[in-house]
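Each remark here refers to the structure printed beneath this line.
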Amino acid sequence: MPENNLLEMKQIEIQFPGVKALDKVDFSLRAGEIHSLLGENGAGKSTLIKCLTGVNRKDAGTITLEGKEIQPQSPQNAMELGISTVYQEVNLCPNLTVAENIFVGRQPMRRGQIDWRTINRRAKELMARFHLDIDVSRPLSYYSTAIQQMVAIARAVDVQAKILILDEPTSSLDDNEVQLLFDVMNELKAEGMGIIFITHFLDQVFAVSDRLTILRNGHLVGTFGIHDITKVELVTQMVGKDMDTIFNLKRASVAPDAPYMLTAKHIGAPGQVDDISITLKKGELIGFAGLLGSGRTETAEMLFGANRFTSGEMELDGKKAEVKKPYDALMQGMAFCPEDRKRDGIIGDLSIRENIALAVQARRGFLHPLSVKEQNKLADKYIQALGIATPDAEKKIGELSGGNQQKVILARWMATDPKVLILDEPTRGIDIGAKAEIQRLMLEMCGDGVSVIFISSELDEIIRCSNRVIVMRDREKVAELDGDTCTQEKILSIIAEGSAAAGGEA
Amino acid sequence: MKKKFDFSVLARSKVTWAVVAEALILLVCLFVRPDFFSISYQPTTEMLYGNLIDIVNRSSEITIIAMGMTLVIALGGTDLSVGALVAVSGAIALKFLRWDVTIYNTPGDYTVYPFILVLVVPLAVCTLMGLFNGFLIAKADIQPIIATLILMVCGRGIAQILTNGKQFTTQYSPFRVIGQGSFLFLPMPIIITAIVVAAVALFVRKTAFGTFVEAVGINRKAARLSGINAQLIIFIVYALTGFLSGISGMIYSSRIMSNDSNNAGLNFEMDAILAVVIGGTSMTGGKFSLLGTVLGSIIIRTIVNLVYYFGIASEATMAFKAVIIAVVIVLQSEPVRNYFAKHSKARQNLVSGGARG
């Protein structure tokens with residue numbers, strides 16, 4: 001195949017204070033190609049992309065686009081050069097209409113006025129290209145995340161892009177929506193566009209890309225054709241360790257006579273989950289499986305008092321528990337890592353130290369402060385125990401990678417010595433190495449007698465870790481399976497068919 | 001080895017630029033009128049006099065309020081009612097000093113009700129009004145700017161009602177001490193301010209209160225899910241701000257030995273917010289600096305004094321103030337600070353590189 005590269009990045013180096021973020025990295029992209037960029041968090045994927053989009057300046061190396069050397073100065077500048085980016089979090093304006101979002105900043109004008117008719121017509125045409133027949137004059141927030149994502153892509157594509165960068169576009173999409181996105185990507189590819197695709201979902205990499213490039217710790221591991229590498233090889237290359245050693249995890253062993261730590265009897269709240277009962281033994285881990293919106297998160301939030309349950313009752317450690325707000329739950333030995341860690345978990349501008357000490361401090365009340373020395377001790381202990389990658393405890397948590405942020409949130413709760421720990425999607429959007437580590441930590445805590453509720457969309461990790469699996473569907477508990485005997489197929493069929501299939505298992 | 005001092009950190013700090021701004025303004029004063037800095041001792045009042053003293057003295061009312069305002073802004077809110085509360089505080093104090101004006105119709109060195117009531121009731125009422133703000137914001141979830149607008153508008157009305165729309169005067173000497181007395185050769189307001197600043201600073205930094213305020217200001221939901229009682233924090237902050245407005249109001253009315261429902265504390269909310277912003281606390285909430293706020297308040301007063309001292313026409317005062325504040329704020333803006341930080345870093349590298357070579 002002739003080396004007909006649309007984009008060529010050679011010997012890229014970027015130096016951040018204290019670390020070399022990228023060290024002599026090569027990357028190339030052909031026209032009409034989907035090229036996946038892979039690596040763990042902190043491997044340098046985002047830095048490479050930011051270098052291309054002009055957010056970060058490179059310290060050495062060259063970037064050539066269609067044979068001409070370019071120096072992107074800003075995202076705006078990169079866009080003018082034909083490099084468009086769609087980020088993980090949709091960064092459009094939810095209160096503007098779909099059409100406005102697509103054309104904001106470059107509205108077609110007619111006689112000195114914005115030409116609304118053209119805007120709406122062209123937006124409609126554009127969305128039709130994406131097989132979406134939607135009302136473009138409705139506000140963006142009216143539509144699902146998937147459609148919002150499509151609108152973001154439509155906007156990126158409509159600016160005559162030669163290169164489209166998709167940074168984790170699928171993390172909040174369901175299977176059908178992902179398929180829709182892939183169709184669009186393939187069409188764009190057929191039109192000769194070069195697409196850089198960043199994702200944590202390895203299946204998707206194999207489903208859609210032509211080539212892939214792996215980065216690790218700022219170094220280039222290699223670029224491979226999609227048929228020249230297997231999934232196991234890929235993971236091994238990304239992590240730099242063998243898969244087996246990572247996933248060699250054992251379920252928690254629960255003594256048959258272990259006392260019940262948490263018993264929820266028919267708890268429910270209007271608009272949340274009507275009626276759910278859960279038991280959890282000391283040192284046990286139960287997994288919550290189910291689709292997004294099946295009531296998993298709502299149940300967790302009720303247990304922790306983030307949303308108050310209005311019917312039913314709950315016992316913690318044998319005593320009746322009144323949980324009206326998170327503070328009550330904290331005081332009674334519960335802990336909760338929320339699903340959306342950016343929105344509900346981290347306090348972005350505070351340091352790692354302050355973030356870790358927060359829940360312990362909240363329990364003591366503000367009049368009994370931990371001294372800075374005690375806070376440092378706590379922070380250092382967990383930075384080491386959890387392997388949080390940071391130069392020191394004073395770094396802002398907002399500046400850490402997703403996996404490390406999750407570890408800090410976990411540390412915040414581990415520091416409170418909880419009896420019951422609820423983890424809502426603790427492994428979402430973080431790389432495979434960190435994922436395995438969080439699972440290991442979870443199981444270690446079970447070993448220490450903590451009872452864990454583990455919510456995840458990834459069935460394989462639910463099955464790998466859980467003593468029991470609770471399957472949720474349409475805001476109801478439809479089945480409770482034994483961890484040793486349950487399989488992905490069984491869970492999937494229950495989710496698909498509902499309670500009928502579950503009868504024999506419960 | 002001694003750790004090398006990193007100037008770029010200093011250059012990135014907003015407080016540094018507040019110091020630079022104040023120094024520059026004073027430098028201008030020094031050039032134009034060297035006697036701006038003269039300080040003299042007045043034996044009859046046992047007080048030091050001079051522009052510098054006067055600046056700190058006159059900035060007291062704003063500095064005290066701005067301590068509370070810093071926390072309010074760190075929570076991501078604003079409190080527009082502080083100026084009105086200053087008027088309320090003064091009105092209540094004078095009400096107690098002169099209760100029934102038809103009987104006590106000539107002002108003199110007396111108080112109708114015990115002095116302790118004159119001191120305590122205005123502060124208690126202002127604290128309650130602060131709690132009312134806190135209730136609207138924490139419980140009813142009303143935007144702070146709207147919630148506090150209520151008392152901003154009707155606070156002065158309440159002050160008018162309390163005093164039947166009249167302006168009372170008093171000559172009660174213990175009351176005079178608050179605003180015009182002296183202690184350790186310094187005007188009493190400076191002493192009161194120092195105590196307030198120290199108390200607030202100790203409260204927020206020696207307990208975990210400051211961290212909780214920052215946590216709630218940065219991400220209220222995450223703070224709540226971490227077990228912080230965000231509503232309680234909001235209540236305390238607004239109540240404290242009300243209380244501090246009350247103190248400020250006492251100083252103000254003691255200076256004029258009168259209540260003035262229309263003009264007492266007028267535009268104080270704006271000056272207090274400005275002091276906080278100049279001091280480097282972001283209006284979006286989060287990290288705050290009490291020291292910065294004190295500086296901010298002093299900068300504002302320095303400008304006013306400079307205008308008076310140089311005999312700039314009083315009509316031009318506001319415009320002049322606006323120009324200087326615009327310059328200060330631009331100096332503190334992100335791009336400018338980053339520019340200087342980069343610059344100082346480059347120079348430092350040059351210096352250390354040269355030393356090595």
Practice item. Name every residue in the range B:220-241 that is surrounded by 22 or more Cβ atoms within 10 Å (Cβ to Cβ), polar (S, T, N, Q) and within 7 Å of another protein chain (Cβ to nearest Cβ), in order of residue number. Key: B:Ser226
Practice item. Spot the failing condition for A:Ile383; the list is (1) within 11 Å of another protein chain (Cβ to nearest Cβ); (2) at pLDDT 90 or above, and only one is missed. Key: (1)
Review point. Of everything in the range B:319-335 that's in contact (Cβ under 8 Å) with a residue 60 or more places away in the chain and within 28 Å of B:Val237 (Cα to Cα), which residue is farthest from the other protein chains (Cβ to nearest Cβ)?
Key: B:Val328
Study note, to complete from the structure: Residue count, the range A:421-439, condition of a type outside the set (D, E, K, R), more than 15 Å from the chain's Cα centre (by Cα) and surrounded by fewer than 24 Cβ atoms within 10 Å (Cβ to Cβ), comes to 1
Point to revise | Condition broken by B:Ser261, with the remaining ones in (1) assigned to a helix (DSSP H, G or I); (2) away from every other protein chain (no Cβ under 14 Å) satisfied | key: (1)
Practice item. Identify, from the list A:Thr310, A:Thr279, the residue that is more than 30 Å from B:Val213 (Cβ to Cβ) and without any contact (Cβ under 8 Å) to a residue 40 or more places away in the chain. Key: A:Thr279
Practice item. Identify, from the list A:Asp257, A:Asp340, A:Asp328, the residue that is within 25 Å of A:Leu370 (Cα to Cα) and surrounded by fewer than 19 Cβ atoms within 10 Å (Cβ to Cβ). Key: A:Asp328
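Residue-wise test of (1) touching a Ser or Thr at 6+ places or on another chain (Cβ under 6 Å); (2) crowded, with 18+ Cβ neighbours inside 10 Å; (3) closer than 30 Å to A:Glu444 by Cα; (4) at pLDDT below 80.
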{"site": "A:Ile226", "(1), (2), (3), (4)": "yes, no, no, no"}
{"site": "A:Leu249", "(1), (2), (3), (4)": "no, no, yes, yes"}
{"site": "A:Lys281", "(1), (2), (3), (4)": "no, yes, yes, no"}
{"site": "A:Leu285", "(1), (2), (3), (4)": "yes, yes, yes, no"}
**Study point:** Hits in the range A:107-127 - residues which are surrounded by 15 or more Cβ atoms within 10 Å (Cβ to Cβ) and among the small types (Gly, Ala, Ser)
**Key:** A:Ala123
Revision key, fill the gap. The one condition A:Ile388 fails out of (1) over 24 Å from the mean Cα position of the chain (by Cα); (2) more than 11 Å from chain B (Cβ to nearest Cβ) is (1)
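Here's the yes/no breakdown for (1) over 19 Å from the mean Cα position of the chain (by Cα); (2) in contact (Cβ under 8 Å) with a residue 12 or more places away in the chain:
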{"site": "B:Thr281", "(1), (2)": "no, yes"}
{"site": "B:Leu290", "(1), (2)": "no, yes"}
{"site": "B:Leu295", "(1), (2)": "no, yes"}
{"site": "B:Ile312", "(1), (2)": "yes, no"}
{"site": "B:Thr317", "(1), (2)": "yes, yes"}
Exercise for review: Tell me which residues, restricted to the range A:350-408, are polar (S, T, N, Q) and either buried (at least 21 other Cβ atoms within 10 Å of the Cβ) or closer than 22 Å to A:Ile438 by Cβ (or both).
Suggested key: A:Ser351, A:Asn355, A:Gln361, A:Gln375, A:Gln384, A:Thr390, A:Ser401, A:Asn404, A:Gln405, A:Gln406
Check your understanding: So A:Val323 fits all but one of (1) farther than 26 Å from A:Asp460 by Cβ; (2) of a type in the set (Val, Ile, Thr); (3) under 26 Å from the mean Cα position of the chain (by Cα); what number is the exception?
Key -> (3)
Practice item. Could you tell me whether the range B:133-141 includes any residue that is more than 14 Å from chain A (Cβ to nearest Cβ), in a loop (DSSP other than H, G, I, E, B) and in contact with a helix residue (DSSP H, G or I) (Cβ under 9 Å, 6 or more places away or on another chain)? Key: yes
Review point. Mind checking which residues of the range A:410-452 are in contact with a Leu (Cβ under 9 Å, 6 or more places away or on another chain), closer than 13 Å to A:Leu285 by Cβ and outside any strand (DSSP E or B)?
Key: A:Pro426, A:Ile438, A:Gln439, A:Arg440, A:Leu441, A:Met442, A:Leu443, A:Met445, A:Cys446, A:Val450
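Please go through the range A:359-380 and pick out each residue that is of a type in the set (Gly, Ala, Ser), under 30 Å from the mean Cα position of the chain (by Cα) and at the interface with chain B (Cβ under 9 Å from one of its Cβ atoms).
The answer is A:Ala359, A:Ala362.
This table checks each residue for (1) of a type in the set (Phe, Trp, Tyr); (2) surrounded by 18 or more Cβ atoms within 10 Å (Cβ to Cβ).
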| position | (1), (2) |
| --- | --- |
| B:Ile116 | no, no |
| B:Pro122 | no, yes |
| B:Thr127 | no, yes |
| B:Ala147 | no, yes |
| B:Ala159 | no, yes |
| B:Phe168 | yes, yes |
| B:Pro189 | no, yes |
Check your understanding: Taking the condition of a type in the set (D, E, K, R), part of a helix (DSSP H, G or I) and in contact (Cβ under 8 Å) with a residue 24 or more places away in the chain, does A:Lys407 pass?
Key -> yes
Point to revise | Scope the range B:50-79; condition assigned to a loop (DSSP other than H, G, I, E, B) and more than 13 Å from the chain's Cα centre (by Cα); matching residues | key: B:Leu75, B:Gly76, B:Gly77, B:Thr78
Point to revise | Subset tally (residues that are surrounded by 15 or more Cβ atoms within 10 Å (Cβ to Cβ) and not in a helix (DSSP H, G or I)) for the range A:128-140 | key: 4
Practice item. Return yes when B:Glu214 is at negative phi, within 13 Å of chain A (Cβ to nearest Cβ) and not in a loop (DSSP other than H, G, I, E, B) and no when it is not. Key: yes
Exercise for review: Could you list all residues from the range A:318-358 that are of a type in the set (A, V, I, L, M), within 9 Å of chain B (Cβ to nearest Cβ), assigned to a helix (DSSP H, G or I) and more than 26 Å from A:Ala269 (Cα to Cα)?
Suggested key: A:Ala357, A:Leu358
Exercise for review: Could you identify the single residue in A:Met442, A:Met414 that is over 26 Å from B:Glu214 (Cα atoms), aliphatic (A, V, I, L, M) and surrounded by 22 or more Cβ atoms within 10 Å (Cβ to Cβ)?
Suggested key: A:Met442
Revision key, fill the gap. Here the residues within the range B:159-203 that are assigned to a loop (DSSP other than H, G, I, E, B) and either more than 25 Å from B:Ile53 (Cβ to Cβ) or touching a residue at least 40 places away in the same chain (Cβ under 8 Å) (or both) are B:Thr163, B:Asn164, B:Gly165, B:Lys166, B:Gln167, B:Phe168, B:Thr170, B:Gln171, B:Tyr172, B:Phe185
Check your understanding: Can you spot a residue in the range B:268-288 that is in a helix (DSSP H, G or I), over 27 Å from B:Ala87 (Cβ atoms), out of contact with any helix residue (DSSP H, G or I) (no Cβ under 8 Å at 6 or more places or on another chain) and within 14 Å of chain A (Cβ to nearest Cβ)?
Key -> no
Study note, to complete from the structure: The residue that is surrounded by the fewest Cβ atoms within 10 Å (Cβ to Cβ), considering only those in the range A:165-201 that are free of Cβ contacts under 8 Å to residues at least 60 places away in the same chain and hydrophobic (A, V, I, L, M, F, W, C), is A:Phe201
Revision key, fill the gap. From the option list A:Gly283, A:Gly271, A:Gly345, single residue qualifying as within 29 Å of the chain's Cα centre (by Cα) and within 26 Å of A:Asp482 (Cβ to Cβ) is A:Gly283
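The values are calculated or read from the model by the stated rules, or taken from the named source; none is laboratory data. The shown structure was predicted, so the numbers you read here are calculated from the model rather than taken from an experiment. Cβ coordinates were reconstructed from backbone atoms using ideal geometry, including for glycine residues, and neighbour counts include every protein chain displayed.
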